[in-house]
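Participant: One structure is given below, represented as structure tokens, and several questions about it will come after.
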Amino acid sequence: MSLSTLSHVRFAGMATCVPRRIISNLEDCRPQIRGDRARLVRNIGIEFRRLCPEWQCFSDLALVAAEALLEKLQWRREDVDALIVVTQSPDYLIPATAIILQDRLGLSQATVAFDVNLGCSGYPFGINILGSMIAAGGVRKGLLLVGDRCARLEDPIFSDAGTATALEFDAAAPPMYFDLNSDGSGYRAIILPIGGHREPVGVQHLLPWREDENDHWHYKTELQLDGPAVLSFSTQRVPPAVEKLLAYANVAKEDVDYFIFHQANRMINETIRKKLGLPEARVPSTLRDFGNTSGASLPVTMTARIHAELAEGKKRLLLSGFGIGLSWGGAILELEGAAFPALIEA
């Protein structure tokens, strides 16, 4: 598939919800590692993160975002034809979180609802999936809920968020352009190896072990991330993919108002920006204040940094998500008159 175009699909609006609790990577850690943390923060650019309380799921954040967006748009619940949830933090292994949220949101039982298992690249993929259903003519209005609950107090990178995006049929809407890619040969670069059918959870996986001099305790059930492999993948694959998408859409860099990249870390994002020769003013970042929010990082950045500008007039955006899979996806969208509620805390 890779490159594709969607017509007659309008980006109607977007809302973002984050947990109220703010974690400081510099303060909320053991005193003996604060020096190391300060150096880490300088490198990765993440000082603060949002952390859900134990009772709160990703779906609770997405529900609040969706409610706010529906109210802002004044959409009737019975007019929403599709609900797609892109997450790797489902409420349960089965059933799909989207079907549960269909009921919690009070949507019609005629609503098609399903989950997509994607993380950091998930937002462009989700827009393409829902947009394709709308362009095909079977769906008039739909909601895309994207995000994850992936933060842990002791982990300095990840943060929690839930987002809602509304798309609708509009014969006069400008085209959307996409470039979606997958490379499963690198699947071990970001992996949660325990808990699926390949290796179910056993008692041996629940025993912690101490790995380093800072008394960090680890579990086999934790996410495993190969930092050098992710750095190499991101900085080598993303810049040429952006150039390819621009060429396909016949759009010059100067004609894009904002380039929104997945918020991985400062080193990765700055390398990508410099390779593409983009000015900082057109590449907004939320790394310092929100960390890496997985698939939600694109809408989080749009809401937290430029939601007022996006609500004012016509804007052209290039969105680029990349990560787990390995997978990477880009989209060029033109937005005008879309609803952008301010950032919500819940």
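Each reported figure results from applying straightforward, stated rules to the coordinates on display, with no laboratory input. All of these numbers come straight from a predicted model, not from anything done at the bench. We place every Cβ from the backbone using ideal geometry, glycine too, and count neighbours over all the protein chains shown.
Participant: Would it be correct to say that I99 is surrounded by fewer than 19 Cβ atoms within 10 Å (Cβ to Cβ), within 20 Å of A161 (Cα to Cα), touching a residue at least 12 places away in the same chain (Cβ under 8 Å) and of a type outside the set (S, T, Y)?
Facilitator: Numbers: surrounded by fewer than 19 Cβ atoms within 10 Å (Cβ to Cβ): yes; within 20 Å of A161 (Cα to Cα): yes; touching a residue at least 12 places away in the same chain (Cβ under 8 Å): yes; of a type outside the set (S, T, Y): yes.
Yes; evaluated as a whole, the condition is true for this residue.
Participant: Let me ask something else. Out of all the residues in segment 278-320, which are in a loop (DSSP other than H, G, I, E, B), hydroxyl-bearing (S, T, Y) and closer than 22 Å to N128 by Cα?
Facilitator: Filtering segment 278-320 down to residues in a loop (DSSP other than H, G, I, E, B) leaves 278-279, 283-286, 291, 293, 313-314.
Adding the requirement that they be hydroxyl-bearing (S, T, Y) leaves 285-286, 293.
Within segment 278-320, T293 is the sole residue that qualifies.
Participant: Report, by residue number, each residue of segment 258-290 that is out of contact with any strand residue (DSSP E or B) (no Cβ under 8 Å at 6 or more places or on another chain), more than 21 Å from L26 (Cα to Cα) and not aliphatic (A, V, I, L, M).
Facilitator: Result: E270, T271, K274, K275, G277, P279, E280.
Condition check ((1) over 27 Å from L276 (Cβ atoms); (2) crowded, with 18+ Cβ neighbours inside 10 Å) across all residues:
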{"site": "R152", "(1), (2)": "yes, no"}
{"site": "A166", "(1), (2)": "yes, yes"}
{"site": "S182", "(1), (2)": "no, no"}
{"site": "S185", "(1), (2)": "no, no"}
{"site": "R198", "(1), (2)": "yes, no"}
{"site": "H218", "(1), (2)": "yes, no"}
{"site": "P239", "(1), (2)": "no, yes"}
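Participant: Ok, one more. Take segment 273-282 and flag every residue that is within 19 Å of V300 (Cα to Cα) and either crowded, with 19+ Cβ neighbours inside 10 Å or among the basic types (K, R) (or both). Walk me through it before giving the result.
Facilitator: At the first step, the residues of segment 273-282 found to be within 19 Å of V300 (Cα to Cα) are 273, 280-282.
Within segment 273-282, R273, R282 qualify.
Participant: In this structure, is I46 more than 30 Å from L101 (Cα to Cα), touching a residue at least 24 places away in the same chain (Cβ under 8 Å), of a type in the set (A, V, I, L, M) and part of a loop (DSSP other than H, G, I, E, B)? Full working, then the answer.
Facilitator: Working: more than 30 Å from L101 (Cα to Cα): yes; touching a residue at least 24 places away in the same chain (Cβ under 8 Å): yes; of a type in the set (A, V, I, L, M): yes; part of a loop (DSSP other than H, G, I, E, B): yes.
Yes.
Participant: If you take the residues in segment 175-211 that are among the β-branched types (V, I, T) and part of a loop (DSSP other than H, G, I, E, B), which one is nearest to T221 (Cα to Cα)? Break it down into steps so the answer makes sense when it comes.
Facilitator: Narrowing segment 175-211 to residues among the β-branched types (V, I, T): 190-191, 194, 201, 203.
This time we only want the ones that are part of a loop (DSSP other than H, G, I, E, B), so: 194, 201.
Values: I194: 5, V201: 8 Å.
Only one residue tops the list, namely I194.
Participant: For G119, state whether it is in contact (Cβ under 8 Å) with a residue 60 or more places away in the chain, surrounded by 21 or more Cβ atoms within 10 Å (Cβ to Cβ), closer than 22 Å to R288 by Cα and not charged (D, E, K, R). Steps first, please.
Facilitator: Working: in contact (Cβ under 8 Å) with a residue 60 or more places away in the chain: yes; surrounded by 21 or more Cβ atoms within 10 Å (Cβ to Cβ): yes; closer than 22 Å to R288 by Cα: yes; not charged (D, E, K, R): yes.
Here the answer is yes, as G119 does meet what is asked.
Participant: Across segment 159-174, what is the total count of residues that are within 30 Å of N25 (Cβ to Cβ) and either among the aromatic types (F, W, Y) or part of a loop (DSSP other than H, G, I, E, B) (or both)? If you could, list the steps in order and put the result at the bottom.
Facilitator: Keep residues of segment 159-174 that are within 30 Å of N25 (Cβ to Cβ), which gives 159-165.
Applying the additional criterion that residues be either among the aromatic types (F, W, Y) or part of a loop (DSSP other than H, G, I, E, B) (or both) yields 159-160.
Result for segment 159-174: 2.
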